[in-house]
Amino acid sequence: MLGTLRFFLSLCVVFAHLAALPAHFHTGVYAVFGFYVLSGFLVTGILNGAYRGRPGAFLANRALKIFPAYYLVAMLTIPVITLLPAGAYHPAWAATPSNHDVLANLLIFPLAWAKEADLRLIPPAWSVGVELVSYALIFLFVGRRWWLAAAMLAASSGYHAHAIMTGMPWGVRYFPIAAAALPFSIGAAIFFSKSLIARGRGWLIGIGGTTWIANLGGMDTSTAAGLTITFGPGFYINLFSLATLIAGLATLPRLAFDDYLGDLSYPLFLLHWLVGFLTTLLFGLAPHGAIAFAVSLPVALAAAVALNQLLQATIDPLQIKIRRRRETSLTRQFPHLPQPAPTLQPRDRIAP
């Protein structure tokens, strides 16, 4: 059921961005850290499974999952923000592009260090940049041995503790790569603990899911006090309850509809700002709000389905060919991990 969770997290991001309700800003922030935990878990899994001892195949797999869809949406965005008043809709579209901006949007990973005023063709692509850098850390160190994952978990926990004790703004514990190392290392640690996790699956799902939903719905970012709680204790309750839920769901058998919903999460994430802008412009709606979200969401979902179909027809055959060069027993050990399904070709696409 990890695919369904990924899809729900992507909806949380879309809701936070397009509705932009002051009391619910945290839903997108919370969801991004959930994506990071999932990424750490899944990428560690495939590194130690189908791509064990095959660094070239692993890197090709990651590139095919991230870059083609990103480039397609970026190319669709260029004429829109050039010809239409998109800068008023999102500040990332208002910037005059520099040579650095061009290179950063081309390579993606430099966007991990982007500032709010820097040009980003896909506004939330900074988190994709964080993902790419974190993939490299998993490939080189974190995903190789359990003790390396534990070491990164300890170091990143120290980073967060230092940021809290010194009174740094909450963004220091969210945006930087060092901050993202905590959820990524948690995900890797979940993978290395899989033999223990299966014994308490029901408890993990029940406790993690209940706590996560209650915390997500109970936070309010419309007041100063609410912000303090939401990005203080609530921020970490979200992280660890989601990690607990993911640990439990990871041992469940895969289902075709779950794979399909998971596949939609990355296209939806990439497309929602572009679709939101065009939809509100076409219907003459306020740029943000509950109505803008309600009208834009069906269009964004339809666009995500179309993009997913295109990727299945063009990119998936390459991914499946790379993966099948050496089958492993990973599916029998941990059946949810990305492997070709009988009727679908699921892609373990993880992006905030």
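Miscellaneous remarks
- Selection within segment 9-28: residues that are buried (at least 23 other Cβ atoms within 10 Å of the Cβ) and of a type in the set (A, V, I, L, M, F, W, C). The member of this set that is farthest from the chain's Cα centre (by Cα) is L18.
- Members of segment 146-170 that are in contact (Cβ under 8 Å) with a residue 40 or more places away in the chain and buried (at least 22 other Cβ atoms within 10 Å of the Cβ): A149
- Among (1) within 24 Å of V43 (Cα to Cα); (2) over 19 Å from the mean Cα position of the chain (by Cα); (3) among the hydroxyl-bearing types (S, T, Y), the one test that T211 misses: (1)
- 3 or more residues of a type in the set (A, V, I, L, M) and on the phi > 0 side of the Ramachandran plot: qualifying helices (runs of 4 or more DSSP H) within segment 24-115: none
- Residues that are in a loop (DSSP other than H, G, I, E, B) and either over 19 Å from the mean Cα position of the chain (by Cα) or free of Cβ contacts under 8 Å to residues at least 60 places away in the same chain (or both) do not occur anywhere in segment 262-281.
- Residues within segment 135-145 that are part of a helix (DSSP H, G or I) and either exposed (fewer than 15 other Cβ atoms within 10 Å of the Cβ) or without any contact (Cβ under 8 Å) to a residue 40 or more places away in the chain (or both), tallied: 3
- Index of the failed condition, Y260 passing every other in (1) crowded, with 24+ Cβ neighbours inside 10 Å; (2) within 17 Å of M1 (Cα to Cα); (3) in contact with a Pro (Cβ under 9 Å, 6 or more places away or on another chain): (1)
- Residue within segment 305-317 that is aliphatic (A, V, I, L, M), touching a Ser or Thr at 6+ places or on another chain (Cβ under 6 Å), at pLDDT 95 or above and not in a loop (DSSP other than H, G, I, E, B) present: no
The values are calculated or read from the model by the stated rules, or taken from the named source; none is laboratory data. Because the structure is predicted, anything quoted here is derived from the model rather than measured. Every residue, glycine among them, receives a Cβ derived from its backbone with ideal geometry; neighbour counts consider all protein chains shown.
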